[in-house]
Amino acid sequence: MRQNFRNWPVLLVLFVFSAPLLIMLTFLLVDAFTTKVPGTMFPNGVTLHHFRFLWTDLDNGSWGIWGVTLNTFNFALFTSLAVTAISVTAGYALSRLAFPARGFFLGGLIVLHAFPTVTLIIAIFLILQLLGLYNTLIGVIVVKAALELPFGIWVMKGFYDTVPWEIEMAGVQDGASRFTVWWKLILPQVQPGLLAILIFSFLSGWSEFILPMVLAPGNDAQVLSTYLATMLLDGGTQADFNLFKAVGLFYALPVIIIYLVFQNKLMNIYGGGTKG
Amino acid sequence: MRISIENFTKSFGTTTVIEDMSLEINSGEMLALLGPSGCGKSTTLFAICGIHRMNSGRLLFGERDVTRISSQQRNVGVVFQNYALYPHMNVFDNIAFPLKVRRDSRADIERKVKEIADLVHIGELLHRKPAELSGGQQQRVALARALVREPDILLLDEPLANLDAKLRLEMRSEIRRIQQQTGITAVLVTHDQVEAMSMCDRIAIMDQGKIMQLSSPKEMYEDPSSDFVAGFLGNPPIAFLEGVAAEGGMRLANSEVTLPVPVAINLPDHGAAVRFGIRPEFFQPDNDLKIKGRISFVETQGREELYDVTLENGSVLRSIQSQGGSFKLGDNVNWGIAGDRILAFDAAGNRL
């Protein structure tokens with residue numbers, strides 16, 4: 001194939017700009033598996049010592065990496081299930097049903113979508129305190145799901161908007177109830193959107209830091225991001241950075257795997273979800 | 001099953017699309033709702049199947065009042081313009097969907113889907129997805145799905161609009177065959193007069209939410225009630241001559257020529273405006289009522305040739321003649337109108 005411009009200048013520019021990222025990732029990987037003399041640049045030995053957190057309890061008061069990982073997994077999973085379930089139904093309603101104050105909800109959705117949610121954190125703190133959900137995983141899940149919803153609903157509405165009306169009318173004429181039509185005929189058409197929301201909100205939950213830190217600082221509800229943070233804070237000047245990087249690698253691994261497996265599905269969100 | 005629409009009114013917001021319309025469709029008949037876009041024909045169709053609720057009026061299927069009954073309980077099959085096949089299901093599941101919703105037994109579903117698939121000639125395609133079918137095949141699937149649960153009424157919304165010319169011809173006779181074979185009452189919505197005339201027992205021609213005329217295709221073509229109807233039916237279309245009523249006939253506008261009027265036509269008072277409608281097949285070289293003009297356009301259609309003849313006063317008549325005439329663009333001709341086939345209309349467009 002003849003190309004109408006050269007590749008290498010583009011590649012060079014891209015390389016220069018992504019070099020810092022690349023270097024950081026390389027050192028994350030290298031440092032996690034090697035030892036070196038402080039102050040030197042290059043490692044002098046290979047070790048798995050930094051991964052000791054996987055099989056021994058670190059003496060920092062939390063209940064071990066596996067408990068924290070389970071917490072993180074639960075947090076991400078239930079957040080994404082809640083977000084998906086609500087987005088899929090709310091998106092349909094906003095796209096198809098003429099209910100009162102529909103315009104208000106649509107407008108509100110856009111505002112919330114662009115809202116700097118951190119500013120709400122004190123109010124949320126008070127509400128959770130009142131409900132007795134402060135310092136529990138459920139509390140953080142509820143808050144995280146609520147904050148993810150505007151995005152999810154908006155994307156799902158976009159997907160529903162692309163499904164022709166006639167399919168719905170045909171289903172109704174075929175004798176199916178509105179619910180059957182939605183479940184059997186419409187939902188399969190928006191499946192790519194559903195999957196994308198599921199994965200995106202899972203990843204977003206997996207990497208959430210602020211909410212668990214502020215709303216569930218206790219050890220019982222600790223997740224990997226706060227676990228990492230306490231490692232830094234507790235260690236002070238003595239912090240073991242190689243251990244920190246090993247935990248970081250462990251923490252990032254699922255994200256990378258999910259991205260690799262589902263990257264095509266995730267791209268769908270830009271294909272179908274942009275119609276207002 | 002007989003359909004009666006009584007005093008049907010429909011408005012969207014403040015625009016009234018249809019006002020006080022009544023229409024009776026006989027059992028087993030295929031009726032066309034014909035009209036230009038925006039005339040309310042699709043609105044009427046969607047009111048019959050229950051997608052649009054009627055603002056006022058009554059709708060009866062047989063003796064049963066279905067005005068307030070939901071779409072699901074009306075037992076109406078609909079074929080949509082874009083077919084609305086379910087893209088994630090194969091042909092079998094598409095056709096079986098109405099039966100599955102009704103919870104028929106699996107053996108019944110198998111049998112009925114097979115039967116209807118054979119009727120519409122898609123027996124070999126049952127395992128394909130809609131995306132793997134041609135337009136004509138999709139159309140057949142849509143028909144099969146609409147017919148499979150033996151509805152009382154079949155509604156077709158511009159069913160041929162998305163097909164190419166050759167398939168359109170084929171599906172036209174196919175739909176008619178299937179309708180006659182099943183004996184179902186059918187309503188066809190179309191803006192194409194050829195479809196309406198060739199497929200249907202009767203045509204209801206609509207304009208601006210009103211039914212202008214309701215009769216059989218032949219009757220409507222030969223005996224239109226208004227100039228709108230006359231102009232809508234026929235291809236190539238009818239040509240109109242403007243003029244005023246005068247002694248002995250109609251004097252053409254801007255001209256001294258007076259055309260005599262057939263005895264059957266009662267002209268209004270002298271000086272009142274009248275229009276003559278003359279179909280292309282009744283303006284031929286051999287007819288008796290001669291009129292002079294110049295050929296201003298020639299279109300070769302294969303079997304026939306179409307001529308536009310511009311008269312001395314500037315108005316245009318069309319003539320369609322079988323191949324072989326040696327007329328050329330720019331020729332001065334003196335052709336004749338078949339005097340007894342002239343359609344005359346008054347200033348408001350009503351037939352005289």
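Here, each number is a calculation from the coordinates, and none is a lab measurement. If you're wondering where the values come from, they're calculated on a predicted model, not measured in any experiment. Glycine gets a Cβ as well: all are built from the backbone with ideal geometry, and neighbour counts include every protein chain shown.
Compute the long axis of helix A:121-131 from its Cα atoms, compare it with the longest principal axis of the Cα atoms of chain A, and write down the angle in degrees, 0 to 90, nearest 10.
Approximately 80 degrees, to the nearest 10.
Taking each residue of A:160-166 in turn, how many C-beta atoms of other protein chains fall within 10 Å of its C-beta, and what is the average?
Mean shielding count: 3.
Under 14 Å Cα to Cα from B:Lys166, which aspartates and glutamates show up? Leave out anything in the same chain fewer than 8 places away.
Counting by Cα, and skipping residues close in sequence, B:Lys166 has these aspartates and glutamates nearby: B:Glu174, B:Glu195.
Sequence-distant or interchain residues sharing an amide H contact under 5 Å with B:Ile18, placed H: which?
Amide H neighbours of B:Ile18: B:Lys10.
Would you please put A:5-13, B:81-89, B:59-67 in order of how densely packed they are, using the mean number of other Cβ atoms within 10 angstrom per residue and starting with the highest?
Answer by packing, highest mean first, reads B:81-89, B:59-67, A:5-13.
Determine ³J(HN,Hα), in whole Hz, for all residues of segment B:121-136 in sequence, where each value follows from phi through the Karplus function 6.51 cos²θ - 1.76 cosθ + 1.60 and θ = phi - 60°; x replaces Gly and Pro.
6, 10, x, 8, 9, 4, 9, 7, 8, x, 5, 9, 10, 6, x, x
How many partner chain Cβ atoms sit within 10 Å of a residue's Cβ in peptide A:180-193, on average, as a whole number?
Numbers: counts 4, 2, 0, 0, 7, 6, 1, 1, 4, 3, 0, 1, 0, 0.
Counting other chains' Cβ atoms within 10 Å and averaging over A:180-193 gives 2.
P(r) tail for segment A:8-47, what percent of Cα pairs lie past 16 Å?
It works out to 48 percent of all Cα pairs.
Which value in deg cm²/dmol, rounded to the nearest 500, describes the helix-derived mean residue ellipticity at 222 nm for chain A, given -39,500 (n - 2.57) per DSSP H run of n ≥ 4 and division by the residue count?
Rounded to the nearest 500, the figure is -22500 deg cm²/dmol.
In degrees between 0 and 90, to the nearest 10, how far off the longest principal axis of chain A does helix A:102-113 point, with axes built from Cα atoms?
With rounding to tens, the tilt is 10 degrees.
Before rounding to the nearest 500, sum -39500 (n - 2.57) across all DSSP H runs of length at least 4 in chain B and divide by the residue total; then give [θ] at 222 nm in deg cm²/dmol.
When only DSSP H runs of four or more count, the value is -7000 deg cm²/dmol.
Taking all pairs of distinct Cα atoms, average 1/r, flip it, and tell me the Kirkwood hydrodynamic radius of segment A:1-113 in Å to one decimal place.
That comes to 20.7 Å for segment A:1-113.
Give the peptides B:297-310, A:162-175 in descending order of average Cβ contacts within 10 Å, highest first. Walk me through the numbers on the way to the answer.
Numbers: B:297-310: 14.3, A:162-175: 20.8.
Per-residue mean Cβ counts within 10 Å order the peptides as A:162-175, B:297-310.
Going by alpha carbons, how many degrees (0 to 90, nearest 10) lie between the helix axis of B:165-182 and the longest principal axis of chain B?
With rounding to tens, the tilt is 60 degrees.
Amide H to amide H under 5 Å from B:Thr67: which residues, 5+ apart in sequence or cross-chain, H placed 1.01 Å off N in plane?
B:Leu59
Give me the Debye-computed log₁₀ of I(q)/I(0) at q = 0.22, 0.24 Å⁻¹ for segment B:218-285, equal point scatterers on Cα only, no solvent, two decimals.
Those come out to -1.03, -1.15, one per q.
Residue by residue, what Karplus-based ³J(HN,Hα) values in Hz, rounded to whole numbers, does segment B:84-97 have, using 6.51, -1.76 and 1.60 with θ = phi - 60° and x for Gly and Pro?
In residue order, the calculated couplings are 6, 6, 7, x, 8, 10, 7, 4, 4, 5, 4, 5, 6, 3 Hz.
For a 28 Å ceiling on Cα separation, which of these pairs sit above it: A:Lys184/B:Lys210; B:Lys210/B:Lys292; B:Lys100/B:Lys129; A:Lys157/A:Lys265?
A:Lys184/B:Lys210; B:Lys210/B:Lys292
Would you please give the residues with an amide H less than 5 Å from that of B:Val76, counting only those at least 5 places away or on a separate chain, with H modeled from the backbone geometry?
none
Would you kindly derive the ³J(HN,Hα) couplings of segment B:270-282 from the backbone phi angles with the Karplus curve 6.51 cos²θ - 1.76 cosθ + 1.60 (θ = phi - 60°), listing them in order in whole Hz, with x for Gly and Pro?
With the stated coefficients, segment B:270-282 comes to 4, x, 6, 6, 9, 10, 9, x, 10, 6, x, 6, 9 Hz.
Give the average over all directions of the projected area of the C-alpha convex hull of segment B:160-211, one decimal, in nm².
4.0
For segment B:1-152, restrict the atom set to alpha-carbon positions and state the Rg and Dmax in Å.
Answer for segment B:1-152, Rg first and Dmax second: 17.2, 51 Å.
Work out, step by step, the length gained on full extension between B:Ala165 and B:Lys218: first 0.36 nm times the residue separation, then minus their alpha carbon distance; give nm to one decimal.
Contour length minus Cα-Cα distance gives 16.7 nm.
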